[in-house]
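The values are calculated or read from the model by the stated rules, or taken from the named source; none is laboratory data. It should be emphasised that the depicted structure is a prediction, and the values quoted were computed from it without experimental measurement. When we count neighbours, we look across all protein chains shown, and the Cβ atoms used for this are built from the backbone with ideal geometry, even at glycine. The protein model used for the area step is the full one, side chains on, heavy atoms only, and it has no ligands, DNA or RNA in it. Shrake-Rupley method; radii C 1.70, N 1.55, O 1.52, S 1.80 Å.
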Amino acid sequence: MAAEDSHKKMKKRKHTKKNIEQNSVKENSQLPESEDNFYKGNKDKKNKKKYSGEKGDTKTVGMSNIKDESDAPGGGKKKSKKLRAEKKKNDKIAKAEVNDVGTPCNDEGQDEFSDKKETSNEAGECKMHKSMKKKRKNAKTLDVSEVDKLDNEGEDAAEQKNDEEKVGATHTEHEDLMASFRGLSEAETSRSANARNSKKARKIKKKDRLLVNQSSQENSVEKKGEAEEYEVYEMSSGDEDSSKGMKKWITEYHQSRPGLKVLQERIDDFIAAHEAQEEQARREREAKAAEGGWTVVVHHKGRKKTSDAESGTVVGSVAQAAVLDKMAKRKNKDAGPDFYRFQRREAHRNEIMMLQSKFEQDKKRIQQMRAERKFRPY
Amino acid sequence: MGSEATYTDSTNLKLRELLKEAQHDYSPESTKIINDFVCSIKKAIDQIPEDLQVTADLGPGFVRDIGADKVEFKFKKPKSIEIGGSYSFQCVAKPDVHVDLFLRLPKECFYEKDYLNYRYHAKRFLYLCIIKKYLKLSSLIQEVRWSTFHNEARKPFLVVYPAARLSGNAAFFVKIIPTSTSLFCASKLILERNNVRSLNQEGVLQATPKYNSSILEDMFLEDNFEFVKRTFMGWKELGEALILLKVWARQRSSIYAHDCLSGFLISIIMAYLASKSGKNRINKPMNVIQILRITLDFIANSKIWDHGLYFQPDGESNISNKDRRKQFQSFPVIICDSFGFNLAFRMSLSGFQELRDEASLALSCIDKCKDGGFDEMFMTKIDFPAKYDYCIRLNLKGSREVYSCGFCLDEECWRKYEQKVLSIIDQALRGRTKLVRVIWRNATFECNIEDGLSTLDGEALLIGISINSMEEAFKQAVMGPSPEEKDKALEFRKFWGDKATLRWFRDGKIAEVAVWEHEESERHIIIKEIIEHVLSHHLSLPKENIISIVDQLDFSLRHGNKDPISFSVNLLKAFDNLSKHLRLLDDIPLRISSVQPLDSAFRLTSVFPPPPHPLAYEDSVGVKPQKLTSTCIQPLEVMIQLEGSGNWPMDDLAMEKTKSAFLMKIGESLQEKWGISCTATEDDVDVFLSGYAFRLKILHERGLSLVQKQGNAHVKRVLSSDKKLFVRGQHSSMINGLRGRYPIYGPVVRLAKRWVSAHLFSNSLTEEAIELLVAYLFLKPLPFRPPSSRITGFLRFLRLLSEYDWSFSALIVDINGDLTPEDDKEINHNFMSNQREYKDNMQNISPAMFVATVYDKASEAWTSVSPTAAELRRLATYAASSAKFLTSVIMQNLNDSYRWECLFRTPLNNYNAVILLHRDKLPFPHRLLFPSEINQGRKILHGNPSKIFQPFLLPGDLRGSLEEMKNKLMVNFDPLRYFIHDIEREFPEKFKVWYDSLGGDAIGLTFGNKSSKKRGRNNNCEDKDVVDSLRAVGELGKGFVRNIYLLKAPKNKLRHGYLRSVSDRD
């Protein structure tokens, strides 16, 4: 109610077309806002209606939102204004999203509504896409009005004395101009960023205007407080610190490539150490044997080694392959697993058991699929 | 006996389940609801006053457009209203639950000669108009709409929607179909007669077979229906088979169409097979599967179709089939009822070919697929985008040309137009295509027939093209006749318009040709250009109304305007060069016996095969670096094998060191002999040759056999380096072979890889796994044929990923067809034990995807680490919504490039936190598809870019000496990879990282299992903890990280988020 009232008052106060348009903008942006109020137990009839609509079907909200938009600035205004209005509508839609996402982030204790918010969040998202698309289509024609509008936003932000937001707004203004000359995709993203920044500025502004509403006032104060608490952490480029990040990676990269010579030396060292170790182990073994102990002599199956252990001339893969081949041949001669009748019987039984278990499994699977309605061919 | 029994049994089980879903529930309650509703319709019709004067004013548009004269009559009550259609013999298949009401038109309303000049059609329509008017008054009826009989606009009927619903809230509706039993003398409507007087050529009246059939159809509708009903009544198996066949046909939009199959025609064909005229091919003792098979086999293979199917009235068969064929010469397919009327008069030749093709595919599904092809036949949707290699939409809305000769003569103008388009495309693509299908479903439900027929062009006309062989299809020239054959040459010129030119060939021949010149990588556009050219030339359609789905996704594979795949030629040359040099080396202890490529760029499946780098040439060759010379270079791995030797150390580590020593020696001697420079770390040696950096790897066979011994004991999950190399070598050569067989394989893989990484799944699905998945599409294409276009292949990849039942079956990719039944058994055994392990140990993040190949029967190579079950679920959800989205973009009238881009734009709201990177610090910034921005969540960190790394050489660097510049070149330097590695090392449990290895600028983080359990509701402290660790993550990427956002994506919603955000866009 309160929101409505303040809104009406404003309407009465200002009669210029521009302001009417601004109001219309406000009326729409009120929607997500009023949701907040609703959560807090503010029973505004109109809001409630709208909200319940949203509960039922997120899409309808999108529709009504858009309808509101086109109604408000309607009444036969000039084309350029319509375009502007449309642009604002898009912004609004985007804002709705930011708003919705923003609140769950900041307001703890509203978790019970998180589900609903999600839906609206998603609605916002889809609207966002729509708006992005529209924007792109209108990109060229809208350029002028956009800048114009962004000016307004810049002012708003200034009112708010939120320096950072202002920078954002002006920055995006610049971006916007650039965007029209750049590629499509780039334009879109920069715009969505733009929408986001300017939105924040306006969101806070709106909050202040709704002072009449006690709860929402608290709400906004609370939010501001939190926002300050979690300020963005600025991180340096780290170019002086080689323990982390880019500098570290580059340093490591260069360190890992000291040149062939150094690397070869390292490997030689390693191999030498390794050989020494082995040599020592061998010597120890021999020493043990010499001490009068005894070692197990293992019989080596197969062909004798053809190569000299010292010179290491070819034993060759051929020989190895031959051995393997031979082994494979010999294997065939061995008694197979179905040599005895009981073996065969057992194998047969096993197979049947396996098939049975597979069939059981299939059946279970089918049950599961039926539960998932996987058999519905449409 | 055992295997056969289970095979049919589990099929049977599934069929039973399917039938349960598809059969309408004929319970007393629902029957009562339906009967009551039908009664109320009858009552409403009964209340229409007799002798009401009916004039054309009820639907002036319709009467005008079909060109009828003398349409006034006095309304009489219908002769009878009977329930007919498949509902009456309990064969209606869900979801299309409807009741046909046959409304027999009273003879009193018609004159004897009303079969002439569309008077019958007009009166039939006006009669329905009256009924519609009165039905609307009834409160039990929610809505009455027009629809058209098999898309024939001149024969509309009424669809009545009840206010009531069946149990379970199932909807049903009633179709009111007028019939005209014994209204006219059938002999006046024999096919040779002309009954539309305005159809003449210079005064000579022409036969109107289609028009006559259209009236005859109404006259014999009830009789034929009675015959079908008699056959099906009380024959349960036959009825079930009919329902299954309906399901089968409905899944195939290319055959369940007005010029091909309908539910009624299926039942007629089955009734034929069960009748004496059909030699009782179907008889009582058969079960459902047998009936199904016989019917499909008859459709696919029977020679009887050449002469036609004839229902013979008892004891009367004195006319030979040939004479009859002559009688029906104007129809490609004949199913003649006992009255001498062709029931299949709408069927077109292309439709029939398609039908036979689909039927034979279905038969091979039954034979070759598991569970008797159940999934392939009944559960897989075969729509235009997935079936045809090229889909083309023609937007003909408001195009007057379509009905310039009047709406309806013998045929309707839309059918005529279909034929015209088909013949043009057929001629233009002769030799290139296997099948062209043109369908225009122009008469949809929403049309308002009263206002005339000109509005019936809202739907787009669809053209589907299947390609025979790529070689033929992508030919650049259409050869024409020599100019000496004047008539033919003139014809050629007329057909091809300004594209026809005279050319002198090398063999001295001179001929007319039409040429489309394109680079190798752009050949697929040729078909599109040909079609656009001929259609706009012959139909004077503006280009923007011809939407061909061919190259819309190419943007994702391009660098600027160029597809980097064209660099592959250089690459392969460079590789040959390398292997020649390597083999020639003789001053190393062991000679090199083989050189094998490993990197995907060598087998043309890399998304971005690297371009030759100006600084990676041999010393002797100086190539001047241009602007924008990259500082990073991708190394391409090459595997070499050395001569055998017994002197290798047996120890793992020592062996690796020895390999490195060998590689360094090789590098050194390349440098000395040919001035080929190289760079090395302790593990890798990179050789610069012909513009590429080759990373050499040694495969040592001995190491392999060592590992195999260990592997048998199931000790190691992680493969040793030699085994890995071996497997990669095998994979590489097999995929290369496959790519040779299917030229389109490469582009499909590249799209698939791009999609996977664009949605930040680089960590979840390895490149090789993607290659195998796509290979599966080509090797086991049923129920399709192997794809021949990149978009079709890509769509099928998405569907495979989303629909495959990973938890229940192994994916076996048998590239060269050399798996024996024993191998299959072994694979299945491995799979089962794998599953058991998984079930035993639920917390264990075990692999969810089992992909087996000849060289890897236990699926250890590519999917043993990832994706996990959760990752796979996410992948499948993304794939499902992308597939759905792609289908709708192809089928619907949305073709702006933004929509196509959406397929590769990933929503960033499905993560707990998102890290955005500095784009200009990516090693290859030009590979970034879309710059990511975030408009939600809380920004908690902002980092400044590092100044020490630039992806491109600065102008200052370019002035230095070649040596200096070469030192600036960094091999395989990838900050993204290092960053991911650092995060995973520092926070192994806390965060799960999602990223795009192909050059995305966003990284998604989701909380690992442990932290999510701890996360309470209002746990402020926990929140703080998260922020702190995110800051720590940011610190790890100093100089690289731009922003970090904390989002609160609720965990349980993750799975569906993407689905909605994508599908809501349309």
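Note the full-extension length gain between B:H518 and B:V204 as 0.36 nm times their separation in residues minus their Cα-Cα distance, in nm to one decimal.
Details: separation 314, 0.36 × 314 = 113.04 nm, distance 5.00 nm.
Length gained, B:H518 through B:V204: 108.0 nm.
Relative to the present Cα-Cα distance, how much length would full extension add between B:F808 and B:N647 at 0.36 nm per residue of separation? Could you put the intermediate results ahead of the total?
Numbers: separation 161, 0.36 × 161 = 57.96 nm, distance 4.74 nm.
Additional length available on full extension: 53.2 nm.
From the square roots a ≥ b ≥ c of the eigenvalues of the alpha-carbon gyration tensor of segment B:1-117, which class results: rounded (a/c under 1.5), prolate (a/b over b/c), or oblate? Write out the running numbers ahead of the final one.
Numbers: a/c = 3.89, a/b = 2.36, b/c = 1.64.
It is prolate, given that a/c is not under 1.5 and a/b is the larger ratio.
Heavy-atom accessible area of B:K113 with all protein chains present, probe 1.4 Å, nearest 10 Å²?
110 Å²
Once you average over the residues of B:650-657, how many Cβ atoms of partner chains fall within 10 Å of each Cβ? Please list the in-between numbers first.
Details: counts 1, 3, 0, 2, 6, 0, 1, 6.
Averaged over the peptide's residues, the number is 2.
For segment B:450-543, which GluC sites (Glu not before Pro) are in a loop by DSSP, counting at most 15 other Cβ atoms within 10 Å? Show your work: numbers first, answer last.
On the way: sites: B:E450, B:E459, B:E471, B:E472, B:E484, B:E485, B:E491, B:E512, B:E517, B:E519, B:E520, B:E522, B:E529, B:E532; in loops: B:E459, B:E484, B:E485, B:E517, B:E519.
Hits after loop and neighbour filter: B:E484, B:E485, B:E517, B:E519.
How many Cβ atoms of partner chains, on average, are near each residue of B:640-648 if near means within 10 Å of its Cβ?
Details: counts 0, 1, 0, 3, 7, 7, 12, 7, 1.
The mean count of partner-chain Cβ atoms within 10 Å per residue comes to 4.
Excluding B:C91 itself, what net charge comes from residues whose Cβ is under 11 Å from its Cβ, given Lys and Arg +1 and Asp and Glu -1?
Details: positive: B:K229, B:K236, B:K246; negative: B:E240.
Summing Lys/Arg as +1 and Asp/Glu as -1 gives +2.
Can you compute the FRET efficiency between B:E484 and B:S404 using 1/(1 + (r/R0)^6), with r the Cβ-Cβ distance and R0 = 45 Å? Round to the nearest 0.05.
Numbers: r = 37 Å, r/R0 = 0.82.
It comes to 0.75.
According to the square roots a ≥ b ≥ c of the eigenvalues of the Cα gyration tensor, what is the shape class of segment B:336-474, taking rounded for a/c under 1.5, prolate for a/b larger than b/c otherwise, and oblate for the remainder?
On the way: a/c = 1.84, a/b = 1.46, b/c = 1.26.
Since a/c reaches 1.5 and a/b is larger than b/c, the shape of segment B:336-474 is classed as prolate.
Using a 1.4 angstrom probe with every protein chain in place, what is the largest-first accessible-area order of B:C405, B:C260, B:C678?
Details: B:C405 105, B:C260 5, B:C678 25 Å².
Accessible-area ranking of B:C405, B:C260, B:C678, largest first: B:C405, B:C678, B:C260.
Mind jotting down the three principal axis lengths of segment B:221-262 based on Cα atoms? Whole angstrom, largest first.
Answer, in whole Å and largest first: 31, 24, 7 Å.
Which semi-axes, in whole Å and largest first, does the equivalent ellipsoid of segment B:763-887 have when worked out from the alpha carbon gyration tensor as the square roots of 5 times its eigenvalues? Could you put the intermediate results ahead of the total?
Numbers: eigenvalues 109, 76, 25 Å².
Square roots of five times the eigenvalues give 23, 20, 11 Å.
Averaging sequence separations of C-alpha pairs under 8 Å and six or more residues apart, then dividing by the length of chain B, give the relative contact order as a whole percent. Before the final figure, lay out each step's value.
Numbers: 1717 pairs, mean separation 88.1, N = 1066.
The value is 8 percent.
About its Cα centre, how strong a charge dipole does segment B:832-975 have in debye, to the nearest 20, once Lys and Arg get +1 and Asp and Glu get -1 at the Cβ?
Numbers: 17 positive and 13 negative charges, 76 e Å.
Using Cβ point charges on Lys, Arg, Asp and Glu, segment B:832-975 gives about 360 debye.
Of the trypsin sites (Lys or Arg not before Pro) in segment B:387-487, which ones lie in a loop per DSSP and count no more than 11 other C-beta atoms within 10 Å? Don't skip to the end; give the middle numbers.
Numbers: sites: B:K387, B:R393, B:K397, B:R400, B:R415, B:K416, B:K420, B:R430, B:R432, B:K434, B:R437, B:R441, B:K475, B:K486; in loops: B:K397, B:R430, B:R432, B:R441, B:K475.
Within segment B:387-487, the qualifying trypsin sites (Lys or Arg not before Pro) (loop, at most 11 other Cβ atoms within 10 Å) are B:R430.
Heavy atoms only, 1.4 Å probe, whole protein assembly: order B:Y617, B:Y310 by accessible area, highest first. Working shown, then result.
Details: B:Y617 50, B:Y310 10 Å².
The ranking, largest first, comes out as B:Y617, B:Y310.
B:T501: accessible area at probe 1.4 Å, nearest 10 Å²?
The value for B:T501 is about 50 Å².
Determine, from the Cβ-Cβ distance of B:T55 and B:H307 and an R0 of 51 Å, the FRET efficiency 1/(1 + (r/R0)^6), rounded to the nearest 0.05. Intermediate values should be presented prior to the final figure.
Numbers: r = 47 Å, r/R0 = 0.92.
Efficiency for this residue pair is about 0.60.
Please give the calculated 222 nm ellipticity per residue for chain B, where each DSSP H segment of at least 4 residues contributes -39500 (n - 2.57) and the sum is spread over every residue; nearest 500 deg cm²/dmol? Walk me through the numbers before you get to the answer.
Numbers: 33 runs with 433 residues, N = 1066.
When only DSSP H runs of four or more count, the value is -13000 deg cm²/dmol.
Can you tally the net charge around B:G61? Count Lys and Arg as +1, Asp and Glu as -1, for every other residue whose Cβ sits under 10 Å from the Cβ of B:G61. If you can, show how the numbers build up before the last one.
Working: positive: B:R64; negative: B:D65, B:E450, B:D451.
Summing Lys and Arg as +1 and Asp and Glu as -1 gives -2.
Mind checking the full-extension length gain between B:D920 and B:E826? Use 0.36 nm per residue of separation minus the Cα-Cα distance, one decimal, nm. The partial results should precede the final answer.
On the way: separation 94, 0.36 × 94 = 33.84 nm, distance 5.02 nm.
Gain on extension, B:D920 to B:E826, equals 28.8 nm.
Please tell me the relative contact order of segment B:336-459 in percent, rounded to the nearest whole number, where contacts are Cα pairs under 8 Å and at least six residues apart.
Here the relative contact order equals 21 percent.
Treat each spin label as a single point 7 Å out from the Cα along the C-beta direction, and report the A:K288 to B:R836 distance in nm.
The answer from the label model is 4.0 nm.
Note down the nm distance, to one decimal, between modelled labels 7 Å out along Cα→Cβ at B:S961 and at B:Q427.
Reported label-point gap for B:S961 and B:Q427 is 7.1 nm.
Among rounded, prolate and oblate, which fits chain B when a ≥ b ≥ c are the square roots of the eigenvalues of its C-alpha gyration tensor, a/c under 1.5 means rounded, and a/b larger than b/c means prolate?
On the way: a/c = 2.10, a/b = 1.84, b/c = 1.14.
Cα axes put chain B in the prolate bin.
For segment B:568-703, what D do you get in µm² per second when you plug the Kirkwood radius from alpha-carbon pairs into Stokes-Einstein at 25 °C and 0.890 mPa s?
Numbers: Rh = 15.5 Å.
The calculation lands on 158 µm²/s.
So how far apart, in nm, are the two label points at B:D367 and A:F339 if each is 7 Å from Cα heading toward Cβ?
4.1 nm
Please give the total accessible area that chains B and A bury against each other, computed with a 1.4 Å probe and expressed in Å² to the nearest 100.
Details: alone 46970 and 27500 Å², together 66160 Å².
Summed over both sides, the interface buries about 8300 Å².
Once the Cβ-Cβ distance between B:E29 and A:A371 is put in as r, and R0 is 30 Å, what FRET efficiency do you end up with, to the nearest 0.05?
Working: r = 25 Å, r/R0 = 0.83.
Given R0 = 30 Å and the Cβ-Cβ separation, E is 0.75.
Report Rg(Cα)/(2.2 N^0.38 Å) for segment B:532-628, keeping two decimals.
Numbers: Rg = 21.5 Å, N = 97, 2.2 N^0.38 = 12.5 Å.
Normalised Rg, Cα atoms only: 1.72.
For segment B:4-60, run through the GluC sites (Glu not before Pro) and keep only the ones in DSSP coil with at most 14 other Cβ atoms within 10 Å of their Cβ. Mind showing how you got there, number by number?
Details: sites: B:E4, B:E17, B:E21, B:E29, B:E50; in loops: B:E50.
Passing sites in segment B:4-60 are B:E50.
Name the residue from B:F62, B:L221, B:P923 whose Cα lies farthest towards the positive end of the charge dipole of chain B, charges +1 on Cβ of Lys and Arg and -1 on Cβ of Asp and Glu.
So the residue we want is B:F62.
I'd like the mean, over residues of B:1032-1041, of how many other protein chain beta carbons sit within 10 Å of each residue's own Cβ.
6
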